[in-house]
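None of the figures in this text is laboratory data; all of them are computed from the coordinates on show. If you're wondering where the values come from, they're calculated on a predicted model, not measured in any experiment. Ideal geometry is used to build each Cβ from the backbone, glycine not excepted, and the neighbour counts take in all protein chains shown.
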Amino acid sequence: MTSEIAACGLFCGACPQKSRGKCPGCRDNEKAVWQSCADCTTTTSDKCKVFNNFYAKLFSFIFRSDRQGCVGRIREVGYEAFAEEMRLAGRMNRPVTKK
């Protein structure tokens, strides 16, 4: 997995906060034991209290992010291809969809 992808599926490589050094990112958090949501089997179910909690839903609404779509795209094309798509599109929180 590339370090440009957050555990939740968002692409940190295009994040203005991360590029300005204002976001440490989840990968650099030594206290956390992060597993990528794309590698987890409960992410898309209501059982996951990390991915499907109130704050995650609020974050998605406020920032118009589609973490579930990003995780789905990672599962579909893999980490490196997802990162390349997002890098080329200049996106961080909505997946690139291929038709």
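So, by mean Cβ neighbours within 10 angstrom, what's the order for 83-94, 58-69, 6-17 with the highest one leading?
Put in order of decreasing packing, that is 6-17, 83-94, 58-69.
For Tyr55 and Ser3 in the same chain, what is the full-extension length gain: residue separation times 0.36 nm, less their Cα-Cα distance, in nm?
16.4 nm
For labels at Cys48 and Ile62 in the simple 7 Å Cα→Cβ model, what's the distance in nm?
2.1 nm
Whose amide H sits under 5 Å from the amide H of Ile5, counting only residues 5 or more places off or on another chain, with H placed in the peptide plane?
Answer set, sorted by chain and number: Cys12.
For Arg20 and Glu80 in the same chain, what is the full-extension length gain: residue separation times 0.36 nm, less their Cα-Cα distance, in nm?
19.3 nm
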